[in-house]
Amino acid sequence: MSLTATYKLSARLFWRDKGTLPASVITPLGLAIGMPTLMRNVTAGGVTAAAQMFVGTLALILSGTAFLNITVALTMRRDQLLLKRLRATRLTNRQILLGEVANTVTQTVILMIVSAVAVHLLADVPLPRNPVLFAVFAVAGSAVMATLGVAWTAAIPRGELAAPMTLPFFFLAGLASGAMGSIVDLLPPWLHPFLAALPTSAVVDAVRASYGPGTFGSDLAAAAVPALVLAAWAGVALLSIRRWFRWESRKS
Amino acid sequence: MAAIQVNHLSKSYGSFQAVDDISFEVEAGTVFALLGRNGAGKTTTIELLTGFQKPDSGSVRVLGLDPIRDRAQVRGNVGIMLQEAGFFPDLTAGQTVEIWRDFTPAARPASEALELAGLTAKAKTKVRQLSGGEKRRLDLALALLGRPDVLFLDEPTTGMDPEARRNIWEVVRDLAARSTTVLLTTHYLEEAQQLATNLAIMDRGQIVVGGDMAETLAARVGRVSFELPSVIQPGELPLPATMRGRLAMVQAADPDLAAQTLLGWASERGLRLRGLEVRTASLEDLFLELAQNGEMAQNGTTDRGDHP
């Protein structure tokens, strides 16, 4: 009952927060739909290039809608002592945070599906061959990114620093996944393994497999490493929350 | 039975001792006032009692339960009006109460909670447009939603106009009459005197005076003050007086009797005692007296720092 209540509250606030919507919805969605559509029309590769880019832009939705949004929302709520007020009720700490994470996952997965359908209609990018693989990694990836966002709030001293301290990850995730084209190839090769180990890169790798040719067996094989990478990040996030998460801003 | 039991409770922030070995009990169905200056330790005490802070040592029991270990169970039976806590500014007062009902088992209807707090007319107003006093009332509405057995009110009427304050007093009295236990902190001494049957006055983390309100006040002296007639020297008065300019002040356990003595003495001499005031002991006198003592003590010791 109470988890549903925090989920509902979080969802209601998500769409009302006009300050965050440009970063959490409009920009990632615009890039995820706009850039592949542009690629479809301006490059010789057409559909292939558009599909390649679209899967990369999912990293922008994951880092914008899941990670950035929950970090900013929770930091602001912490500073405004709204988390404290929620804790004055019968809600447990877990219910409060799970409600936020569950809402963030819902919004992120919806945007990923909306953008997949939109680029299918606008840029002829085919729908995923294996929609289950797509869906599983959309949900798991959003959940890990949202949980990492909860953990990251501990490093942010004040609400107004939440966006600037989170945006670099948005660009890093986009860069690593190819959402910004082939700039990544210009980076020194020793950086590549680090970029590939990002949680957003893991999701993009698995989703790429869901679009490309393959069988059930090859999909499972392609999902194994991304699943392990996500599990490792989930562990880091949960341990960090347990160790460092703050419900109230630090008293000066 | 004691609804709240506090036993040798201490809490410090760094080198600042916010609460220093305090003990008290609040009987079920009574109103208990926690008084003190800013930084005296009142809010930290409430935060320890409500499980927002963990004590360094000592124990707290609310309805026999540990507010940290048994948090969910305690929260189900207490209402908390925090001194500082935010609201979602874009929700209306009514929407806020409705959302909080989802978090509260067996909650009152939203309209009843708003009415109790005197906010019915503001149900459709966004929280960002409410005044400070109206926000305090919304806070009270949320605290009352779950029909709590124990109510914690941290400065409940701060920022309210006198009429709203008296309405809130009525609500608190009514709740206490229906056997709700209330622990409140306040700066308004009249509020404590009006509502509470027991009190504790805190200073620098310790309880300096505590007990039954009526007994505590009865043990203090009242005073009579008047303008000293120009032809009289203070030494000629029938009772010892201290002077503040031309104002003579006589302290007495029974100020009525002292006033009669002074008036009788004056009429025998054909004098008038202008501006005569007779005051029984009030919480304010007690508070000021303690504050003065505290300052004297503080001047004699090293500064213990400010609240963090």
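Do we find a residue being touching a residue at least 40 places away in the same chain (Cβ under 8 Å), part of a helix (DSSP H, G or I) and in contact with an Asp or Glu (Cβ under 6 Å, 6 or more places away or on another chain) anywhere in the stretch A:113-130?
no
Tell me which residues, restricted to the stretch B:72-114, are within 23 Å of the chain's Cα centre (by Cα), farther than 21 Å from A:LEU74 by Cβ and open to solvent by 30 Å² or more (accessible area, probe 1.4 Å).
Listed by number, the residues that qualify are B:ASN77, B:GLN83.
Any residue in the stretch B:169-197 that is open to solvent by 10 Å² or more (accessible area, probe 1.4 Å) sitting within a Cβ distance under 6 Å of a residue that is in a loop (DSSP other than H, G, I, E, B) and at pLDDT 90 or above? List the pairs, counting only those 6 or more apart or interchain.
B:SER179/B:GLY29; B:THR197/B:THR30
Grab the strands (runs of 3 or more DSSP E) fully contained in the stretch B:8-109, keeping just those with 1 or more residues being more than 10 Å from chain A (Cβ to nearest Cβ) and touching a Lys or Arg at 6+ places or on another chain (Cβ under 6 Å).
B:16-27, B:31-36
For the stretch A:81-91, does any single residue satisfy the condition of being buried (at least 19 other Cβ atoms within 10 Å of the Cβ), among the hydroxyl-bearing types (Ser, Thr, Tyr) and free of Cβ contacts under 8 Å to residues at least 24 places away in the same chain?
Within the stretch A:81-91, one or more residues are buried (at least 19 other Cβ atoms within 10 Å of the Cβ), among the hydroxyl-bearing types (Ser, Thr, Tyr) and free of Cβ contacts under 8 Å to residues at least 24 places away in the same chain.
Being closer than 21 Å to A:ILE96 by Cβ, modelled with pLDDT under 95 and of a type in the set (Lys, Arg) is true for just one of B:ARG108, B:ARG101. Which residue is that?
B:ARG101
With the condition being crowded, with 20+ Cβ neighbours inside 10 Å and among the hydroxyl-bearing types (Ser, Thr, Tyr), I'd like the helices (runs of 4 or more DSSP H) fully within the stretch A:144-252 carrying at least 2 qualifying residues.
Output list reads A:199-211.
If I filter the stretch B:133-155 down to residues being away from chain A (no Cβ under 14 Å) and under 19 Å from the mean Cα position of the chain (by Cα), which single residue comes out as surrounded by the most Cβ atoms within 10 Å (Cβ to Cβ)?
Per the criteria, the residue is B:ARG137.
Identify all residues within the stretch A:1-56 that are within 14 Å of chain B (Cβ to nearest Cβ), small (Gly, Ala, Ser) and part of a helix (DSSP H, G or I); write none if there are none.
A:SER2, A:ALA5, A:SER10, A:ALA11
Mind listing whichever residues of the stretch A:81-97 are part of a helix (DSSP H, G or I) and within 14 Å of chain B (Cβ to nearest Cβ)?
Answer for the stretch A:81-97, where residues must be part of a helix (DSSP H, G or I) and within 14 Å of chain B (Cβ to nearest Cβ): A:LEU82, A:LEU83, A:LYS84, A:ARG85, A:LEU86, A:ARG87, A:ASN93, A:ARG94, A:GLN95, A:ILE96.
Please verify whether A:ARG78 is without any contact (Cβ under 8 Å) to a residue 12 or more places away in the chain and within 14 Å of chain B (Cβ to nearest Cβ), treating the condition exactly as stated.
It is false that A:ARG78 is without any contact (Cβ under 8 Å) to a residue 12 or more places away in the chain and within 14 Å of chain B (Cβ to nearest Cβ).
Taking the criterion of being touching a helix residue (DSSP H, G or I) at 6+ places or on another chain (Cβ under 8 Å), at pLDDT 90 or above, open to solvent by 10 Å² or more (accessible area, probe 1.4 Å) and within 23 Å of B:LEU9 (Cα to Cα), would at least one residue in the stretch B:208-220 satisfy it?
So far as the stretch B:208-220 goes, no, none of its residues is touching a helix residue (DSSP H, G or I) at 6+ places or on another chain (Cβ under 8 Å), at pLDDT 90 or above, open to solvent by 10 Å² or more (accessible area, probe 1.4 Å) and within 23 Å of B:LEU9 (Cα to Cα).
Confirm whether B:PRO229 is on the phi < 0 side of the Ramachandran plot and in contact with a Gly (Cβ under 7 Å, 6 or more places away or on another chain).
Considered against the rule, which asks whether it is on the phi < 0 side of the Ramachandran plot and in contact with a Gly (Cβ under 7 Å, 6 or more places away or on another chain), B:PRO229 comes out as no.
Working only within the stretch B:109-144, note down all residues that are among the hydroxyl-bearing types (Ser, Thr, Tyr) and either under 20 Å from B:THR186 (Cα atoms) or outside the structural domain of B:ALA85 (by TED's automatic domain parsing) (or both).
Within the stretch B:109-144, B:SER131 is the sole residue that qualifies.
Can you name every residue in the stretch B:223-263 that is touching a residue at least 24 places away in the same chain (Cβ under 8 Å) and of a type in the set (Ser, Thr, Tyr)?
Result: B:SER225, single match.
Looking at A:ARG208, A:ARG246, A:ARG242 in this structure, which one is in contact (Cβ under 8 Å) with a residue 24 or more places away in the chain, of a type in the set (Lys, Arg) and over 26 Å from A:ASN130 (Cβ atoms)?
None of the others qualify; the one that does is A:ARG246.
Quick check on A:LEU68: is it more than 14 Å from every other protein chain (Cβ to nearest Cβ) and touching a residue at least 12 places away in the same chain (Cβ under 8 Å)?
yes
For the stretch A:98-106, indicate whether the set of residues that are of a type in the set (A, V, I, L, M), open to solvent by 50 Å² or more (accessible area, probe 1.4 Å) and within 11 Å of another protein chain (Cβ to nearest Cβ) is non-empty.
Looking through the stretch A:98-106, none of the residues is of a type in the set (A, V, I, L, M), open to solvent by 50 Å² or more (accessible area, probe 1.4 Å) and within 11 Å of another protein chain (Cβ to nearest Cβ).
The values are calculated or read from the model by the stated rules, or taken from the named source; none is laboratory data. Note that this is a predicted model, so its numbers are computed, not measured. Reconstructed Cβ throughout: ideal geometry from the backbone, glycine too, with neighbour counts over all protein chains shown. These area figures cover heavy atoms from the full protein model, side chains too; ligands, DNA and RNA do not enter into them. Shrake-Rupley method; radii C 1.70, N 1.55, O 1.52, S 1.80 Å.
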